[in-house]
Number of protein chains: 2
Amino acid sequence: MAKKNVLIIGAGGVAQVVAHKVAQSAAEFGALHIANRTQSKADAIIQTLRDKGHRMPFASHALDAMDPAAVEALIRQLDAGIVINVGTAFINMTVLEGCIRAGAAYIDTAIHEDPARICETPPWYGNYEWKRRDDVAKAGITAILGAGFDPGVVNAYARLAEDEYFDKIDSIDIVDINAGSHGRWFATNFDPEINFREFTGTVYSWQGGEWRENRMFEVGREWDLPVVGKQKAYLSGHDEVHSLSARYPDADVRFWMGFGDHYINVFTVLQKLGLLSEQPVRTAEGLEVVPLKVVKAVLPDPASLAPDYTGKTCIGDLVKGSLDGKPGEVFIYNVADHKQAFEEVGSQGISYTAGVPPVAAAILVARGTWDVKKMANVEDLPARPFLELLGRMGLPTRVIDATGDHPI
Amino acid sequence: MAKKNVLIIGAGGVAQVVAHKVAQSAAEFGALHIANRTQSKADAIIQTLRDKGHRMPFASHALDAMDPAAVEALIRQLDAGIVINVGTAFINMTVLEGCIRAGAAYIDTAIHEDPARICETPPWYGNYEWKRRDDVAKAGITAILGAGFDPGVVNAYARLAEDEYFDKIDSIDIVDINAGSHGRWFATNFDPEINFREFTGTVYSWQGGEWRENRMFEVGREWDLPVVGKQKAYLSGHDEVHSLSARYPDADVRFWMGFGDHYINVFTVLQKLGLLSEQPVRTAEGLEVVPLKVVKAVLPDPASLAPDYTGKTCIGDLVKGSLDGKPGEVFIYNVADHKQAFEEVGSQGISYTAGVPPVAAAILVARGTWDVKKMANVEDLPARPFLELLGRMGLPTRVIDATGDHPI
């Protein structure tokens, strides 16, 4: 059987990691294509692949991914069997439509968003992606949603707890701590527009069998985690809460993100002034502008942070449950290193943790293990092959359970 | 002799005060005209005049004040003898040019600024206004620069100290404290664009016979002032330092502005992120935008603060010097009340203190006392008639000297 060609859509920091990881696993795939609105950014990534001595066939393409016909045409032209969508969160549905029409597998790492709307009704997947379940099944393609780190790997962590630890799950607390330092006065670790949009709306958590609503930074809690130590994290809205709550309706599902006081201060000033709004304002001169897009324009490009980034991230799931009526808890986690990520693929750790998992997913699709011919969130798929593959690809999973702290 | 018609250019919070004060002194003038880029704002001010029962002839006009020919034509059409320019700081030179051509007296309250440049070489007046001295004299018109409160009244305070207290002046420290509260999370008291531009550049002070350069918030000092009590103020760049240093080259001339920690935090975040820049940035979508203009668009309209504004302002000059070799000091000041200002003219105290003085200046021009037929800063003109008139118009001057705290 011919190896599948891979088409990466997007050319930011995560796309760079995806490209390098595909190239490192060249034997699993055919050719590697990168398509982006601005083609020169895709070319720049291909140059970094060449600099590392990778030799599989590469090509870049200009693509308006908001146009499903253009996506379909490019997939057909390239005979791409797997599309990895790591572009802006606004293009998921048009890229998925292109895949459905052209018969390619679809993998993304974050939920679809409408540029004009923030924080829609839960569960978020129900507003866009899940509406296409039947169409995906009918087309006989595989569509894997949210296969980054969080969402993605953390969903597999929950599934691992289900498969190997508990017959009843009571709570899943996902904790994301970046204890790294980029050395800038202020910067976001990924696209500021998406980053801030995560925090300006309602914080949804699934507790006691229903959606709870909080404001960002309303609920904080100190965690004591491996390697990164004691860190304050805040109840935050995040994609995976909206799919895990469907699989584990009887469990509490919460997402906690770590923030320093400085980040919170900057965020608070910007939000209180209205500068994080996705709704246009009109200047005195009559220009219509979306404030958030101006904030994005003045902030450092997240990709530019990589060379100076030091320190580590720790992301994991604290899962509580019981087996045969006996209660217990397990913390399943990964620790990643910013500097090591940069040395390997030229990206910082946040992009690294987000970019490696979709490639592991693509490999499992290529091998057939995950080629399920339907739409699936990561927790719907076998966790262990994914986590073991990730371990070999640079994102090892460790577990703290009754026997201590050890690799899975 | 026919009474002079007055043309106000601008229709913001200060213009509203100017209009009410002209109307209160209707006997001194002919008709009152208000011209603004957006005519409806001028109409709104005229409505507030009618609401207060004023009856002199009013009219509004649309005007592009960046076009000197348009300014000239309007002055001629209206037979305006006195132009009070309280529009944006970017229009001074074109309005002055219109006055020179049409033969009208010119009064403004703040220095000219080029939209694309921040904090030019000192003395600031030398970059624009003072270059037109000969043309103003040749045209035989009176042009009074910086006749607001600060600059303006504080310049007259310095002149009063010269005229009535000292034969040698060693230092002039101007202190501007707004101890009022507008009840908003954050707002600027006048046009945010002009407000922030004051603080993003170099802070110039005149000390030891030369220009000293500092950054904003680098030099702070606690003051203990009448009514408002102990307040922290910071060495700031301000117009009047640039004219007073020319008249008093042997004195140290400094300007101190009071700021709370909250204001400084918001300012610091916006500045550090680059959101106070007057240079355009390009969004990911390719739109060219000046960040500062977006910040202005999201902040409350300063005029909207008036109804809820409470508390007082204290602005004054601490002048040290000697008379016949005997050293001494005097603090000459005004205390204004936000609520009282709103009740009288529908504006908050900052607009009130800025808007009353140019009307006092206009009255003195109309009466001939200040109709000097040349360009003058306020300290070049007799101080006592101005300060006594201001006292009758709602801005009384008090003095703390060797004999205690008393009205002038």
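Just one of the listed residues (A:Leu287, A:Leu292, A:Leu318) is within 14 Å of chain B (Cβ to nearest Cβ) and closer than 26 Å to A:Phe149 by Cα, namely A:Leu292.
Scanning region A:228-243 for residues that are more than 14 Å from A:Asp317 (Cβ to Cβ), touching a residue at least 12 places away in the same chain (Cβ under 8 Å) and in contact with a strand residue (DSSP E or B) (Cβ under 8 Å, 6 or more places away or on another chain) returns A:Val228, A:Gln231, A:Lys232, A:Tyr234, A:Leu235, A:Ser236, A:Gly237, A:His242. Among the residues making up region B:277-290, those that are surrounded by fewer than 18 Cβ atoms within 10 Å (Cβ to Cβ), touching a strand residue (DSSP E or B) at 6+ places or on another chain (Cβ under 9 Å) and not in a strand (DSSP E or B) are B:Pro280, B:Leu287.
What number of residues in region B:244-274 are touching a residue at least 60 places away in the same chain (Cβ under 8 Å), under 30 Å from B:Glu379 (Cβ atoms) and either more than 14 Å from chain A (Cβ to nearest Cβ) or among the polar types (S, T, N, Q) (or both)? Residues in region B:244-274 being touching a residue at least 60 places away in the same chain (Cβ under 8 Å), under 30 Å from B:Glu379 (Cβ atoms) and either more than 14 Å from chain A (Cβ to nearest Cβ) or among the polar types (S, T, N, Q) (or both): 14 in total.
With the structure loaded, tell me whether B:Glu388 is among the acidic types (Asp, Glu), within 22 Å of B:His112 (Cβ to Cβ) and either modelled with pLDDT of 95 or more or assigned to a helix (DSSP H, G or I) (or both) or whether it fails that test. Taking the combined requirement at face value, the residue does not satisfy it.
Is it the case that some residue within region B:52-64 is surrounded by fewer than 17 Cβ atoms within 10 Å (Cβ to Cβ), part of a helix (DSSP H, G or I) and hydrophobic (A, V, I, L, M, F, W, C)? No; the residues of region B:52-64 include none that is surrounded by fewer than 17 Cβ atoms within 10 Å (Cβ to Cβ), part of a helix (DSSP H, G or I) and hydrophobic (A, V, I, L, M, F, W, C). Confirm whether B:Asp261 is of a type in the set (D, E, K, R) and under 20 Å from B:Ile169 (Cα atoms). No: the conditions fail for B:Asp261. When A:Glu198 is tested against (1) out of contact with any Gly (no Cβ under 8 Å at 6 or more places or on another chain); (2) more than 14 Å from every other protein chain (Cβ to nearest Cβ); (3) not in a strand (DSSP E or B), just one condition goes unmet, and that condition is (1).
You will find that of B:Asp114, B:Asp134, the residue that is charged (D, E, K, R) and out of contact with any Asp or Glu (no Cβ under 8 Å at 6 or more places or on another chain) is B:Asp134 and no other.
Annotation for region A:258-276: at least one member residue is in a strand (DSSP E or B), touching a Lys or Arg at 6+ places or on another chain (Cβ under 9 Å) and surrounded by 21 or more Cβ atoms within 10 Å (Cβ to Cβ).
The rows are residues; the columns are (1) surrounded by 20 or more Cβ atoms within 10 Å (Cβ to Cβ); (2) of a type outside the set (Val, Ile, Thr); (3) closer than 28 Å to B:Leu7 by Cβ.
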site: B:Ile315; (1), (2), (3): yes, no, yes
site: B:Glu329; (1), (2), (3): no, yes, no
site: B:Asn334; (1), (2), (3): yes, yes, yes
site: B:Val345; (1), (2), (3): yes, no, yes
site: B:Thr353; (1), (2), (3): yes, no, yes
site: B:Ala362; (1), (2), (3): yes, yes, yes
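Give the residue, chosen from A:Arg184, A:Arg221, that is among the basic types (Lys, Arg) and either in the same structural domain as A:Ala110 (by TED's automatic domain parsing) or not in a strand (DSSP E or B) (or both). Being among the basic types (Lys, Arg) and either in the same structural domain as A:Ala110 (by TED's automatic domain parsing) or not in a strand (DSSP E or B) (or both) holds for just one of A:Arg184, A:Arg221, which is A:Arg184. Each residue in region B:286-328 was checked for being closer than 17 Å to A:Gly286 by Cβ and in contact (Cβ under 8 Å) with a residue 40 or more places away in the chain, and 4 pass.
Applying a threshold of 6 Å to beta carbon distances and a minimum spacing of six or more residues, or different chains, the list of pairs starting in region A:157-186 at a residue that is within 14 Å of another protein chain (Cβ to nearest Cβ) and ending at one that is in a loop (DSSP other than H, G, I, E, B) reads A:Arg184/A:Pro300. Is one or more of the residues making up region A:210-232 within 15 Å of the chain's Cα centre (by Cα) and within 19 Å of A:Leu292 (Cα to Cα)? No, region A:210-232 contains no residue that is within 15 Å of the chain's Cα centre (by Cα) and within 19 Å of A:Leu292 (Cα to Cα). B:Phe190 meets each of the listed conditions (1) within 14 Å of another protein chain (Cβ to nearest Cβ); (2) over 29 Å from B:Val269 (Cα atoms) apart from (2).
Does at least one position in region B:162-171 carry a residue that is touching a His at 6+ places or on another chain (Cβ under 9 Å) and either under 14 Å from B:Arg247 (Cα atoms) or not assigned by TED's automatic domain parsing to the domain that holds B:His238 (or both)? Checked against the condition, which is being touching a His at 6+ places or on another chain (Cβ under 9 Å) and either under 14 Å from B:Arg247 (Cα atoms) or not assigned by TED's automatic domain parsing to the domain that holds B:His238 (or both), region B:162-171 yields no hits at all.
Of everything in region A:317-332 that is at negative phi and acidic (Asp, Glu), the residue that is nearest to the chain's Cα centre (by Cα) is A:Asp317. Is it true that B:Pro300 is within 14 Å of another protein chain (Cβ to nearest Cβ), surrounded by fewer than 23 Cβ atoms within 10 Å (Cβ to Cβ), over 19 Å from the mean Cα position of the chain (by Cα) and outside any helix (DSSP H, G or I)? Answer is yes for this residue. Would you confirm whether or not region A:113-127 contains a residue that is touching a Cys at 6+ places or on another chain (Cβ under 9 Å) and at pLDDT 95 or above? No, that holds for no residue.
The values are calculated or read from the model by the stated rules, or taken from the named source; none is laboratory data. Computed from a predicted model, the values in this text were never measured in an experiment. Methodologically, a virtual Cβ is constructed for each residue, glycine included, from the backbone with ideal geometry; neighbour enumeration extends over all protein chains shown.
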